[in-house]
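Note sheet for the following structure.
The values are calculated or read from the model by the stated rules, or taken from the named source; none is laboratory data. Predicted model, so just to flag it, every value in this text is computed and none were measured. Neighbour counts are summed over all protein chains in view; Cβ atoms, including those assigned to glycine, are modelled from backbone coordinates with ideal geometry. All accessible areas refer to the heavy atoms of the entire protein, side chains included, with ligands and DNA or RNA removed. Shrake-Rupley method; radii C 1.70, N 1.55, O 1.52, S 1.80 Å.
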Amino acid sequence: MEHRRNSEELFGYMRGNNSTWLPRRYLVALLSFFGFANIYAMRVNLSVAIVVMAQNRTIILPNGTKTYQPPEFDWGNGVEGVILSSFFYGYILTQVIGGWLACKYGGKNLFGLGVGVTALFTVLTPFLARTSVYLLVIGRVIEGLFEGVTFPAMYGVWSKWSPPEERSRLVAISYSGCYFGTVAALPLCGALAERLGWPSIFYVFGIIGSIWTAVWLIVISETPNGDKYISEAEKEYIEDSLGTAVKVRLNVPWKDILKSFSVWAIVIAHFSENWGFYTLLTELPSYMNDVFEFDFHSAGLLAALPYLAMGIIVQTSGFMADWFRTTGHLTTTQVRKLFTCTGFATRAIFLLAAAHSETPLSIVASLTVAVGFGGLAYGGFSVNHLDIAPQYASVLMGISNTFATLPGILSPMLTSYIVQHKTSLEWQTIFHISAAVYVVGSIIYSLMASGKAQAWAFVGQEQVFFSDNEHSQTSTEDLIAVPSPRETILQRQPNVFDLATHQSIVPMNVID
C-alpha cells in the first residue's frame with residue numbers, strides 16, 4: 001500500500017541513506033522548539049523582574065556593612081497588575097489575523113517576525129521602564145501583538161512540512177518548547193536579577209531571541225520544495241504525503257459554529273485552563289516572595305518545577321489519548337471528556353491543597369502535581385477542534401484562543417485587587433478562585449463536549465474522503481456515516497479533506 005511504501009522510504013531515510021544527518025523537517029521542529037522556548041522566556045521574564053524592580057533590597061558591601069535601597073519603581077499592586085496583563089491586550093487582537101496572514105503569505109517569515117519584534121522590545125524594556133510606565137505598558141502591548149501571530153503562523157509551517165504519519169510527534173516537539181522555555185527562564189531570570197541586576201534579564205533573553213530569529217530566517221524555508229538542502233527522498237516523501245495544494249474558496253458556517261454546544265465546550269475549557277495557567281505563570285514568583293520570603297533565585301527555581309512536570313505530561317498525554325481511541329477502549333468523546341475533566345479535577349484539588357500548605361516543600365509539591373498533571377487536559381479539549389470540524393479547526397482555534405487570552409488580562413488585575421497586604425489569606429483567595437474556575441469548566445465540558453464530527457462541519461466543501469491509511473488514529477465510530485470511503489458527501493466547493501488523518505489537502509491556500 002501507499003502508506004507502507006512511504007513508511008519504507010521514511011525508515012530508509014532515517015537510517016542515514018541520505019546526505020544529511022538530520023531530516024530537514026526535524027530541523028524545523030528543533031528550531032521551532034527553541035523559538036517557542038524563547039517566546040515563553042520573553043513572556044515570563046517580567047514576572048520575575050518586577051519583584052526586584054518594585055521592592056526594597058538589602059545590599060551587603062564588601063566590608064560586611066548592610067545598606068538598604070528603596071525600590072527603583074514605586075508602583076502599587078494595581079499598577080503592577082496593569083503592567084503584567086498589558087501583554088495580553090495585544091496578544092488577544094492578533095489570533096485570527098495571524099491565521100489569515102499565514103494562509104495568505106506563509107507561516108515561516110511571520111513566525112520569525114513575531115519572535116524577532118518581541119526580542120527587540122524585550123531589549124528595550126529597561127529603557128522604556130525607566131522613561132515612563134506608559135511606555136513600558138505600550139512596549140508590552142506591542143510584544144503581545146507580535147507574539148499573537150506565532151501560534152497560527154506555526155500551524156501554517158506544519159501544514160507544509162509535516163507528513164500525516166509524523167504530525168503528532170513533530171508538533172509535540174515544537175510546542176513543548178513553551179513549557180521547557182518557562183522551566184529554563186524562571187530560575188535563570190532569578191539568578192540574573194540577583195547577580196547582574198534586573199535589566200540583564202531583558203538584555204540576555206532579547207539577544208538570544210534576536211540570534212534565534214536570524215538563524216530561523218536563514219536556515220528554514222517556507223516549503224520543502226524551496227529548501228536547497230533537503231534530500232530528494234525527503235522532499236518526495238513529504239510532498240507525496242501532503243498532496244498538491246490548489247487555491248479554493250471556503251465559506252465558514254459562522255452561525256452554526258457560534259450556536260454549537262460542542263464549540264462552546266471547547267471555548268469554556270480553554271478559558272478555564274488558561275485562567276489557572278496564567279495566574280500561576282505571572283503571579284507564582286510574587287507569591288513565593290510574599291508568603292515564604294524566598295530570594296529571587298529560589299523563587300524562580302521553585303516556580304519552574306511545575307512547568308517541567310507539565311512539559312513531560314503534555315508530551316505523553318497525546319499518545320495516551322490515541323492509545324485509548326485506537327484500541328477501542330473508549331470513544332473519542334469519552335477520551336476527550338476523561339482527559340480534560342481528569343486534568344481539571346487534579347488541578348482544582350491540588351490548588352486547594354497548595355492554598356492551605358504551610359511549608360515551602362508542601363506548596364511546591366502541591367503546585368507541581370496541580371500544574372503537571374493538569375497537562376492531561378491537552379489530550380482532551382486542545383485537540384477537540386479537529387474532532388468536531390477538522391476543516392475549520394484553525395477557525396475554532398482562533399475563536400477559543402481569543403477567549404482563552406482573557407484570563408491573561410483579568411487574572412493579574414484581580415490578583416492585584418485582592419492581594420493588597422500580601423498575606424497568605426489573600427493568596428488563598430486567589431487559589432480558591434482558580435480551583436473554582438477549573439471545577440466549573442470541568443462540569444460544563446463534561447455536559448456539552450463531543451468528539452463527533454458535526455453536521456455543519458461539512459457545509460461549504462465539495463469532497464470528504466476517508467483515508468486508505470490503515471494506521472490512521474481517527475476513531476471511525478465517531479464520524480458521521482457516509483455512503484462509501486471514496487464517495488462525495490456534499491458538492492458545493494472544491495475543498496478536499498481527509499477525515500481519517502484530520503488533514504486538509506489544501507490547508508494553507510484556503511482564502512476567504
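Some points to look at:
- In the range 318-334, the qualifying residues are those that are surrounded by 19 or more Cβ atoms within 10 Å (Cβ to Cβ) and under 26 Å from residue 280 (Cβ atoms), and the one that is modelled with the lowest pLDDT is 318.
- The number of residues in the range 334-356 being more than 21 Å from the chain's Cα centre (by Cα) and of a type in the set (S, T, N, Q) comes to 1.
- All helices (runs of 4 or more DSSP H) inside the range 97-179 with 3 or more residues being free of Cβ contacts under 8 Å to residues at least 60 places away in the same chain and open to solvent by less than 50 Å² (accessible area, probe 1.4 Å): 108-131, 133-147
- Complete set of residues in the range 363-398 that are within 12 Å of residue 335 (Cβ to Cβ) and among the polar types (S, T, N, Q): 384
- Per the conditions (1) crowded, with 18+ Cβ neighbours inside 10 Å; (2) closer than 23 Å to residue 286 by Cβ, the sole criterion not satisfied by residue 200 is (1).
- Just so you know, in the range 350-366 the residues that are touching a residue at least 40 places away in the same chain (Cβ under 8 Å) and open to solvent by 60 Å² or more (accessible area, probe 1.4 Å) include one that is nearest to residue 270 (Cα to Cα), and it is 352.
- Annotation for the range 341-348: no member residue is in a helix (DSSP H, G or I) and farther than 16 Å from residue 441 by Cα.
- Residues within the range 265-283 that are modelled with pLDDT of 90 or more, among the aliphatic types (A, V, I, L, M) and within 18 Å of residue 91 (Cβ to Cβ), tallied: 1
- Any chance residue 194 is open to solvent by 30 Å² or more (accessible area, probe 1.4 Å), more than 30 Å from residue 238 (Cβ to Cβ) and among the charged types (D, E, K, R): yes
- If the condition is being under 18 Å from residue 448 (Cα atoms), assigned to a helix (DSSP H, G or I) and of a type in the set (S, T, N, Q), then the range 306-340 contributes 332, 333, 334, 340.
- Only a single criterion out of (1) open to solvent by 40 Å² or more (accessible area, probe 1.4 Å); (2) without any contact (Cβ under 8 Å) to a residue 60 or more places away in the chain; (3) in a helix (DSSP H, G or I) is not satisfied by residue 228, namely (3).
- Residues satisfying the stated conditions in the range 190-206, i.e. of a type in the set (A, V, I, L, M, F, W, C), more than 21 Å from the chain's Cα centre (by Cα) and in a helix (DSSP H, G or I): 191, 192, 193, 196, 201, 202, 204
- Any hit, the range 452-468, residues being more than 19 Å from residue 252 (Cβ to Cβ), modelled with pLDDT of 85 or more and over 23 Å from the mean Cα position of the chain (by Cα): yes
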